[in-house]
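Enquirer: I'd like to ask some things about the structure below.
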Amino acid sequence: MNAFLGGVSILAALVGAGWLVLAGYRSTRGREAALDMPIKLYVGGAVMAMVVLQLALLTDDFSLAYVANHSRTTTPFVFKVATAWAALEGSIVLWGLVLAGFTYLVYRSWRRHPDSLGAGALVVMGLVGVFFFGMMATIANPFEICTSAVGSNCLASSPAPWAEAAAVAEGRGPNPLLQNHILMAIHPPMLYLGYVGLTVPFAFAMSALALAQPGIEWAKRTKSWTLAAWMFLTVGIVLGGWWSYEVLGWGGYWAWDPVENASFLPWLLATAYIHSSFVQMRRGMLQAWNFVLVISTFSLTILGTFLTRSGAIASVHSFTQSAVGPALLGMLLVTVVVSFGLFARRSHLVAQSPRLESLSSREGAFLANNLLLTVFAFVVLIGTLFPLLIEAFSGDTIGVGRPFFDQFAVPLSFALLLAMGLGPVMPYRVARPRIVWERVRLPLQISLGVGALLVIRGLRAAWPLLSVVAAVFVISVIGLHLLRLARRSSEKRHERLGPSILRIIRGDPGFWGGQISHIGIALLAIGIAGSAGLSTTATVDLEPGESASLSGYEFAYTSPFTSQDANRSITGATIEVTRHGNPVAIVRPRVNTFAGQGPAVPTPGVVSRASGDLYFTLIAINSAGITMDVWWFPLQWLVWLGGLVAGFGGLWSVVMRRAAEGDKESPAVASA
Amino acid sequence: MPERLRKIASVLITVGLAAIVAYGVIAAEPTPEERLDDLGNRIACPVCDGTSIAASPSTYARDMLALVEDQIAAGMSDDEILEFFEARYTAAIRLDAPATSGRVLLWAAPFAVAAAGLYLALSTRRRNGERV
């Protein structure tokens, strides 16, 4: 029943998407075409596909190969829900659903003022939908019937909904790593909202090129979409790091793993695009460059999906080898060739930009930002692809690991922080050195003062110190700028400072949303400088009753414990943490063994304090004692806080701008 | 205080603070633990899937890390230690991808892109005397 309903849903969505392409195309030709029906069919099918998949998972319908292979009767409710996107076919259903959702929202805003540009964008979004639902209908069908099984392993399956199902009494259960933390239910949808949301600016850019309207309209229309997608992507990446930290237990949150890179690449270019589109809207510059950025960003989301979903790279995210890999690679090639080809054909229409007057100006800072982010993206791209390419062409395996990425990422991030600090104090057109100096003097002294204080207190470290100084510089530039404006306005209006500050950041949500994000990134940089640059670690062997110490904390192994959940058995150690004899916390790092699934996975024990995190991972535990890795990560919480604040800045821009537009009924031009 | 003097004092304060920070940057000398962490991140665990010996919990990686610790204690330099492992496990053991023959491209390409970008950025600048 589920197989049949699921199959029908996918076909409905596929037909709806195809119909949308045709009807949208007619509409761009100025002919009357109703998009209402195809949209309803498309979105309805996409929603139904997810609903049916969820029903199948929640009712343990093991006649479906997907459910048999990835779920189990004992899997907790939340993880049954999350299993819908925890494996290849299901993750494409989620992708399709998010894409259909965005298409619907774009359609709704288009319906108010129907025009050819929007209709063209819907055509492009429909085409992308045809591709993904086409995959679901053929090579990545989540509703295949399991036709042959041994134990709880489904060996063969059939796409025909009438096929006879093999009797499977119990499923295999999700990958242990994916049923170990609640974040698994949130991180993928967030990431997909970001990834797929970037289809919107791409679709409008393509439409603008195809219809020979390569002005500013497409960028203006997609400003909020891009910011919203960026916000989701930011939060999704941060939550992914958090999950890695809380679940994998290797003592970190970012390893330049190809899959992390796959999410970070579009983030870098989307960030660059958000900045360069400001310059275009404000000064009319960088028009051609914005097309390049938007096309590249979208291509990178497809590349990222290919890397993670094709099995080209071994990782927790890459599912099995399948025909999905070649299909995505084909999609990537078509995207790149068609979109850049179209861009080349229309390049004569892209207006010659007004020239930059001086590099020392707000535009200059934006340009520096774009250059740095693009180089950053290129470093991540080549570092990720290089081992694959070398292996494909010469058969050699070479490693490109964290040290390579760090070597570029650290100085590039430092330079980005400097540009971030200088940007807002630079006037447009030409910034005279005297004016710039007047504006940066105090922030510079504050940040160098903080740095000097750290040195006096004994800190000797190159990059962590420089990063903290740069980050404090960014925060104080923004803080002092806001304070100056607020003081002026509070004097004029005879109100207190608090309300003035609120009114100012509400009044220009585009600019201040950006500055909130900048503060978030600066906090993140301080968090990284502390947690990655100044961490300490030790491996200890402890018998019950013994203790050891690290970075001023003592920890004693008191006793082992075991417990049993429905889906896993847990073995762990109770650790008492003290500092100068005062109790701090009791923490229980443990090892989980999941029914039906392979090797045990650790769950680290984390003690979070204002000064940093103490992080314990069990390596081995037996009756004689434990072997445990212990880390001290200074200021770890700033990493999460900074990431979330950065995302919040994007949210602020979108929501407050919409509110402002609602008030005035005229689009506010951000003066970022 | 006259305006001029205040300005000079301000510059002097900035330079003074910068000098202290610069000292903290230059005087950074890696401790044996930091070197171990750094080297551990640069050496791949040969029996794991692309993780470093610092990140892998496997016994094999643990033993290699212990060996690195001994080598540091014995006074070997970072290069000597890395060469030691490279000689025994081929160049694939290095995660820091040193810029030897096959990898020159990997290291040079980002600089080439940066140079090209810089050139493009500079070329958008208005020439002297040119009008809008």
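What follows is calculated from the coordinates using simple rules that are stated; it is not laboratory data. Just so it is clear, the model here is predicted, and its values are computed rather than measured. All Cβ positions, glycine included, derive from the backbone under ideal geometry; neighbour counts span all protein chains shown.
Enquirer: Summing Lys, Arg as +1 and Asp, Glu as -1, what charge do residues with Cβ under 15 Å from the Cβ of A:LEU198 carry, A:LEU198 excluded?
Expert: With Lys, Arg at +1 and Asp, Glu at -1, the neighbours total +2.
Enquirer: Another question about this same structure. Along the principal axes of its C-alpha atoms, what lengths does segment A:379-444 span, in descending order and rounded to whole Å?
Expert: Sorted largest first, the three principal extents are 58, 23, 13 Å.
Enquirer: Taking amide H atoms as placed 1.01 Å from N in the peptide plane, list the residues 5 or more away in sequence, or in a different chain, whose amide H sits under 5 Å from that of A:SER535.
Expert: Amide H neighbours of A:SER535: none.
Enquirer: Project the alpha carbons of segment A:556-630 onto their principal axes and report the range along each, largest first, in whole Å.
Expert: The Cα atoms of segment A:556-630 stretch 44, 28, 20 Å along their principal axes.
Enquirer: Using 1/(1 + (r/R0)^6) with R0 = 60 angstrom and r between the beta carbons of A:ALA160 and A:SER358, what's the FRET efficiency to the nearest 0.05?
Expert: Working from the Cβ atoms, E equals 0.30.
Enquirer: Could I ask something else about it? Cα convex hull of segment A:155-219: how many Å³ per residue?
Expert: 177
Enquirer: Averaged across the residues of A:611-624, what count of C-beta atoms belonging to other chains lies within 10 Å of each residue's C-beta?
Expert: 1
Enquirer: How large is the Kirkwood hydrodynamic radius of segment B:1-84, in angstrom, based on all distinct alpha carbon pairs?
Expert: Here the Kirkwood hydrodynamic radius works out to 15.9 Å.
Enquirer: Limiting things to C-alpha atoms, what are the Rg and the maximum Cα-Cα separation (Dmax) for segment A:129-184, in angstroms?
Expert: Computed over the Cα atoms of segment A:129-184, radius of gyration and Dmax are 14.2, 37 Å.
Enquirer: Using the count of nearby Cβ atoms within 10 Å as a rough guide to exposure, how do A:PHE133, A:PHE511, A:PHE202, A:PHE561 rank from fewest to most?
Expert: Taking fewest neighbouring Cβ atoms as first place, the list is A:PHE561, A:PHE511, A:PHE202, A:PHE133.
Enquirer: To the nearest 500 deg cm²/dmol, what mean residue ellipticity at 222 nm is calculated for the protein assembly as shown from DSSP H runs of n ≥ 4 alone, each contributing -39,500 (n - 2.57), summed and divided by the residues?
Expert: -20500 deg cm²/dmol
Enquirer: In debye to the nearest 20, how big a dipole does chain A give about its Cα centre with +1 on each Lys and Arg Cβ and -1 on each Asp and Glu Cβ?
Expert: I would put it at about 3100 debye.
Enquirer: Let me ask something else about it. By the gyration tensor of its Cα atoms, with a ≥ b ≥ c the square roots of the eigenvalues, what is the shape of segment A:1-159: rounded for a/c under 1.5, prolate for a/b over b/c, or oblate?
Expert: Taking the square roots of the gyration eigenvalues as a ≥ b ≥ c, segment A:1-159 is prolate.
Enquirer: I would also like to ask the following. Fewest first, what order do A:HIS518, A:HIS494, A:HIS481 take by the number of other Cβ atoms within 10 Å?
Expert: A:HIS494, A:HIS481, A:HIS518
Enquirer: What shape does chain A have by the C-alpha gyration tensor, where a ≥ b ≥ c are the square roots of the eigenvalues, rounded means a/c under 1.5, and otherwise prolate means a/b greater than b/c and oblate the rest?
Expert: Because a/c hits 1.5 or more and a/b fails to exceed b/c, chain A counts as oblate.
Enquirer: Summing +1 for each Lys or Arg and -1 for each Asp or Glu, what net charge is found among the other residues whose Cβ lies under 11 Å from the Cβ of A:SER63?
Expert: After counting each charged neighbour, the total is -4.
Enquirer: Which whole-number value in Å³ per residue fits the convex hull of the alpha carbons of segment A:487-543?
Expert: 145
Enquirer: Could you work out how far apart the two model spin labels at A:LEU55 and B:ALA27 are, taking each label as a point 7 Å from the Cα in the direction of the beta carbon, and quote it in nm?
Expert: Rounded to a tenth, the inter-label distance reads 7.1 nm.
Enquirer: To continue, here is another question. Mean separation of Cα pairs under 8 Å and 6+ residues apart, divided by the residue count of chain B: what relative contact order is that in percent?
Expert: After rounding, I find 18 percent.
Enquirer: If amide H atoms are built 1.01 Å from N in the plane of the peptide, which residues on other chains or at least 5 residues away come under 5 Å of the amide H of A:GLY625?
Expert: none
Enquirer: Also, I was wondering about something else. Amide H of A:VAL584 versus every other amide H placed in the peptide plane: which residues, excluding those fewer than 5 positions away on the same chain, fall under 5 Å?
Expert: A:VAL577, A:THR578, A:ARG579
Enquirer: Count neighbours as other Cβ atoms within 10 Å of each site's Cβ, and list the trypsin sites (Lys or Arg not before Pro) in segment A:472-504 that are DSSP loop with at most 16 such neighbours.
Expert: Passing sites in segment A:472-504 are A:ARG496.
Enquirer: Just check segment A:336-467 against the gyration tensor rule for me: Cα atoms, a ≥ b ≥ c as the square roots of the eigenvalues, rounded for a/c under 1.5, and otherwise prolate or oblate depending on whether a/b exceeds b/c.
Expert: oblate
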